[in-house]
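A.B. asks: I'd like to ask some things about the structure below.
Just so it is clear, none of the values below were taken in a lab; they were calculated from the coordinates. Only a predicted model underlies this, so the values are computations on that prediction, with no experimental measurement involved. Virtual Cβ from ideal backbone geometry, glycine too; neighbours counted across all protein chains shown.
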């Protein structure tokens, strides 16, 4: 159960982590790989679908997804935040260009990660890539962001520039945001005759949009709980056992659940082998034969509906706050485009 719990939490929260990583302006980067090929830095064609249009989860959406931010909304807020930060820095006489949001999309639109929540579900992709992501989602577009001086970091973040983790010759230069072990101090009070913002331009930009970091975590945690509860439901246990028996009959013994199949099928180099492709295809065929995904989805949907009923007030507040944040972000982007 410990292994299953870790896997379940990873499945439920993986998309959230990917969204943050894909949009975050806090990661300084190198050259833009796609620029030389004439490809756009932000290619919306690679963005995940809001609701799957193929595979065993076609047209499926869990109840809690109504309270999750879509990837498009995440990018909108992130880019608006970037624009505000750049404008704020300019007020202090500092020109700064932050990476564009949306350059590295995750495989799923929101924290539910419905496409792989119950293991892989798209047979067409399995036939090509096994358990790996499509090549377009394995690429990483790197964007340049110049190294900031100490005072520029203070204006941006509200704290002093972090020291390299290991202060030795050849150590990487410190980025603008502090990590564990990179002790920082509060920023100076003013720069160029102007008082610094609380939390720097980063804190100010989030305040302008009403960004509240804790909200997405609340919904993701509920989604993680619902997944774990669903795995213990008698219907899911029975369907999973049937799937395991089906896999055994196809020559894949010892697979207790689809997560075990994913663990076994993922290759070290990210390139699918014939063995992993065969495993992936059989995995999906057995899911279809046993109705595992349909049963699991229905069980978890019922659990989530109960969660929503028990916590409706807080969830409604989160949804309303997110809506206001997105409206504010869209207005900011429209203003920046003028």
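A.B. asks: Once Rh for the range 114-160 is found with the Kirkwood sum over Cα pairs, what is the Stokes-Einstein diffusion coefficient at 37 °C and 0.692 mPa s, in µm²/s?
C.D. replies: This corresponds to a translational diffusion coefficient of 226 µm²/s.
A.B. asks: Within 10 Å of each residue's Cβ, count the other Cβ atoms and sort 117, 142 from fewest upward.
C.D. replies: 142, 117
A.B. asks: What is the extension gain from residue 324 to residue 163, computed as 0.36 nm multiplied by their sequence separation minus the C-alpha to C-alpha distance, in nm to one decimal?
C.D. replies: My answer for the length gained is 54.2 nm.
A.B. asks: What ranking do 274-284, 99-109, 248-258, 184-194 get when scored by the average of other Cβ atoms within 10 Å per residue, highest first?
C.D. replies: Ranking, from highest mean packing down: 99-109, 274-284, 248-258, 184-194.
A.B. asks: With the cut-off at 1.5 for a/c, could you classify the range 281-338 from its C-alpha gyration tensor as rounded, prolate or oblate?
C.D. replies: In terms of gyration-tensor shape, oblate.
A.B. asks: So, one more: Please say if the range 66-143 is rounded, prolate or oblate, where rounded means a/c under 1.5 for a ≥ b ≥ c the square roots of the C-alpha gyration tensor eigenvalues, and otherwise the choice is prolate for a/b larger than b/c and oblate otherwise?
C.D. replies: Verdict is oblate for the range 66-143.
A.B. asks: Sort 67-73, 87-93 for me by packing, meaning the mean count of neighbouring Cβ atoms within 10 Å per residue, highest on top.
C.D. replies: Ranked from most to least packed, the peptides come out as 67-73, 87-93.
A.B. asks: Then there's this: Sorted by mean Cβ packing within 10 Å, highest first, what order do the peptides 119-126, 197-204, 321-328, 266-273 take?
C.D. replies: 119-126, 197-204, 321-328, 266-273
A.B. asks: I've got another one for you. For residue 51 and residue 294, FRET efficiency with R0 = 22 Å and r from the beta-carbon atoms, rounded to 0.05?
C.D. replies: My answer for the efficiency is 0.85.
A.B. asks: Moving on. Taking the alpha-carbon centroid of each part, what is the distance from the range 208-280 to the range 116-149 in angstrom?
C.D. replies: 17 Å
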